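Visitor: There's a structure below that I have some questions on.
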Amino acid sequence: MDRLTTLAVAALSIALVSPTAAETAFKRTPAPKGAQVYFESPRNGATTGREVVVRAGLHVMGVAPAGEDVPNTGHHHLLIDTGIRNMNEPIPVGNQIVHFSNGETEIRINLTPGWHTLQLDFADASHRQFDPPVLSGKIRVRVVVHDQRK
């Protein structure tokens with residue numbers, strides 16, 4: 001083989017075994033075996049006032065603020081009446097997704113009266129899902145606001 005052919009074959013070989021930019025961009029952080037996130041409060045089926053205290057529990061992993069890339073750590077997100085739409089993209093910011101970006105394990109939120117579905121999500125330093133995802137089961141809470149005009 002001449003030099004040009006050898007270089008072309010080498011370049012093709014590298015291209016075939018190297019991940020593409022898209023594959024690298026979507027590579028998720030591996031979750032440790034047995035990692036779990038769960039609600040300490042509220043409990044499924046709870047009736048509460050407008051202000052709800054959400055306490056997140058975690059098994060096998062540690063908590064760190066968003067942006068701090070420490071092995072086997074991440075931070076919580078609370079999904080309110082929604083779910084994760086794309087497991088390969090960072091978790092978006094919005095009214096229905098509360099980020100615990102400072103490494104909190106407890107927050108207070110205000111909800112409108114009625115039933116709401118809540119789910120905890122635990123993500124890596126870049127707000128991306130672990131592989132496999134670390135999600136709690138969904139719970140439902142009922143918000144009741146008593147009329148104060150008596």
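The values are calculated or read from the model by the stated rules, or taken from the named source; none is laboratory data. Remember, predicted model here, so these are calculated numbers, not experimental data. No Cβ is skipped: glycine too gets one built from the backbone with ideal geometry, and neighbour counts run over all protein chains shown. Accessible surface is based on the protein model in full, side chains and every heavy atom, while ligands, DNA and RNA are left aside. Shrake-Rupley method; radii C 1.70, N 1.55, O 1.52, S 1.80 Å.
Visitor: Suppose we filter ARG140, ARG108 for residues that are assigned to a strand (DSSP E or B) and exposed (fewer than 12 other Cβ atoms within 10 Å of the Cβ); which single one remains? Break it down stepwise before answering.
Guide: Details: ARG140 fails: exposed (fewer than 12 other Cβ atoms within 10 Å of the Cβ).
After applying the criteria, what remains is ARG108.
Visitor: Which count do you get for residues in the stretch 40-80 that are open to solvent by 90 Å² or more (accessible area, probe 1.4 Å) and touching a residue at least 40 places away in the same chain (Cβ under 8 Å)?
Guide: 7
Visitor: Shifting gears a bit: Can you tell me which residues in the stretch 124-137 are in contact with a Pro (Cβ under 8 Å, 6 or more places away or on another chain) and either closer than 14 Å to ARG55 by Cβ or assigned to a strand (DSSP E or B) (or both)? I'd like the intermediate steps shown before the answer.
Guide: Kept after step one, since they are in contact with a Pro (Cβ under 8 Å, 6 or more places away or on another chain), are these residues of the stretch 124-137: 126-128, 130-131.
Across the stretch 124-137, the qualifying residues are PHE130, ASP131.
Visitor: Still on this model: For the stretch 93-150, give me the residue count where each residue is over 18 Å from MET61 (Cα atoms), modelled with pLDDT under 95 and small (Gly, Ala, Ser).
Guide: Counting residues in the stretch 93-150 that are over 18 Å from MET61 (Cα atoms), modelled with pLDDT under 95 and small (Gly, Ala, Ser) gives 1.
Visitor: Can you tell me which residue within the stretch 81-98, out of those that are within 19 Å of GLY137 (Cα to Cα) and polar (S, T, N, Q), is surrounded by the fewest Cβ atoms within 10 Å (Cβ to Cβ)? Please lay out each step first, then the result.
Guide: Kept after step one, since they are within 19 Å of GLY137 (Cα to Cα), are these residues of the stretch 81-98: 81-87, 91, 96-98.
Among the residues that remain, those that are also polar (S, T, N, Q) are: 82, 86, 96.
Numbers: THR82: 14, ASN86: 10, GLN96: 12.
Applying the filter and picking the extreme gives ASN86.
Visitor: Now a separate question. Kindly establish whether THR117 is polar (S, T, N, Q), in a strand (DSSP E or B) and touching a residue at least 12 places away in the same chain (Cβ under 8 Å). Break it down into steps so the answer makes sense when it comes.
Guide: Values: polar (S, T, N, Q): yes; in a strand (DSSP E or B): yes; touching a residue at least 12 places away in the same chain (Cβ under 8 Å): yes.
It is true that THR117 is polar (S, T, N, Q), in a strand (DSSP E or B) and touching a residue at least 12 places away in the same chain (Cβ under 8 Å).
Visitor: Among the residues of the stretch 113-137, what is the count of those that are open to solvent by 80 Å² or more (accessible area, probe 1.4 Å) and more than 13 Å from the chain's Cα centre (by Cα)?
Guide: Residues in the stretch 113-137 being open to solvent by 80 Å² or more (accessible area, probe 1.4 Å) and more than 13 Å from the chain's Cα centre (by Cα): 1 in total.
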